[in-house]
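Below is one structure; the comments refer to it alone.
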Amino acid sequence: MRFLANMCISPKTVEFLRSLGYETSRASELGLSTSTDQEIIDYAAKNSMVLITMDLDMGRIIALIGERKPSVILLRLRKPTVENVNKKLSYALNKTIDKLEKGVIVVLEEQRIRIRELPLS
């Protein structure tokens with residue numbers, strides 16, 4: 001599984017995901033640091049990557065385009081420290097990895113994980 005971390009995701013989290021064996025790139029590493037949300041979404045879809053973001057607009061855009069890809073992990077954490085983000089991502093990936101391949105929006109909150117299949121109807 002390949003991940004594309006949006007600019008709001010720490011480089012330390014990208015390194016953490018790599019240490020878990022996931023092929024992970026940060027938007028800035030791909031020349032996407034000044035790209036629009038739509039350009040980043042298009043890149044993730046074209047390259048079969050799961051998008052990781054804290055940007056609520058990305059979740060809305062993906063919901064509206066009506067496609068199955070890309071999947072997105074949307075972090076909605078009160079404490080978005082690197083340690084908390086890494087802990088929540090590690091837990092969520094163990095629970096959702098098979099669904100991410102099919103096309104979903106995964107919303108990570110402090111106390112729960114919500115999963116919606118794409119396209120949203």
Pairs returned, first residue in segment 45-65 that is free of Cβ contacts under 8 Å to residues at least 40 places away in the same chain, second residue that is among the charged types (D, E, K, R), beta-carbon separation under 7 angstrom, 6 or more apart or interchain, are 45/67; 45/69; 57/37; 61/37
Residue hits (segment 1-28; in contact with a helix residue (DSSP H, G or I) (Cβ under 8 Å, 6 or more places away or on another chain), loosely packed, with under 14 Cβ neighbours inside 10 Å and not in a loop (DSSP other than H, G, I, E, B)) are 12
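Which residue out of 39, 110 is within 21 Å of residue 16 (Cα to Cα) and more than 14 Å from the chain's Cα centre (by Cα)?
Working: 39 fails: within 21 Å of residue 16 (Cα to Cα).
Of 39, 110, the one residue that is within 21 Å of residue 16 (Cα to Cα) and more than 14 Å from the chain's Cα centre (by Cα) is 110.
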Subset of segment 63-79, residues touching a Lys or Arg at 6+ places or on another chain (Cβ under 9 Å) and in a helix (DSSP H, G or I), comes to 63
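Has segment 42-50 got any residue that is outside any helix (DSSP H, G or I), within 17 Å of residue 88 (Cα to Cα) and either touching a Pro at 6+ places or on another chain (Cβ under 8 Å) or of a type in the set (Gly, Ala, Ser) (or both)?
Kept after step one, since they are outside any helix (DSSP H, G or I), are these residues of segment 42-50: 47-50.
Cutting the leftovers down to within 17 Å of residue 88 (Cα to Cα) gives us 50.
Then drop every residue that is not either touching a Pro at 6+ places or on another chain (Cβ under 8 Å) or of a type in the set (Gly, Ala, Ser) (or both), which leaves 50.
Looking through segment 42-50, at least one residue is outside any helix (DSSP H, G or I), within 17 Å of residue 88 (Cα to Cα) and either touching a Pro at 6+ places or on another chain (Cβ under 8 Å) or of a type in the set (Gly, Ala, Ser) (or both).
Just need a number here: residues in segment 99-119 that are in contact with a helix residue (DSSP H, G or I) (Cβ under 9 Å, 6 or more places away or on another chain) and surrounded by 13 or more Cβ atoms within 10 Å (Cβ to Cβ).
13
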For segment 22-41, pairs from a residue that is touching a residue at least 40 places away in the same chain (Cβ under 8 Å) and under 26 Å from residue 90 (Cβ atoms) to a residue that is outside any helix (DSSP H, G or I) and of a type outside the set (S, T, N, Q), with Cβ under 7 Å and 6 or more apart or across chains, are 22/1; 22/3
Selection status of residue 35, part of a loop (DSSP other than H, G, I, E, B), surrounded by 13 or more Cβ atoms within 10 Å (Cβ to Cβ) and of a type in the set (S, T, N, Q): yes
Residues in segment 80-98 that are surrounded by fewer than 19 Cβ atoms within 10 Å (Cβ to Cβ), assigned to a helix (DSSP H, G or I) and either in contact with a strand residue (DSSP E or B) (Cβ under 6 Å, 6 or more places away or on another chain) or of a type in the set (Ser, Thr, Tyr) (or both) total 4
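I'd like to verify a number: residues in segment 8-63 that are basic (Lys, Arg) and under 23 Å from residue 117 (Cβ atoms), how many?
The qualifying residues number 2.
Readers should treat all values here as calculations from the given coordinates under stated rules, not as data from a laboratory. Just so we're clear, the structure is a prediction, and the values are computed from it rather than from any experiment. Methodologically, a virtual Cβ is constructed for each residue, glycine included, from the backbone with ideal geometry; neighbour enumeration extends over all protein chains shown.
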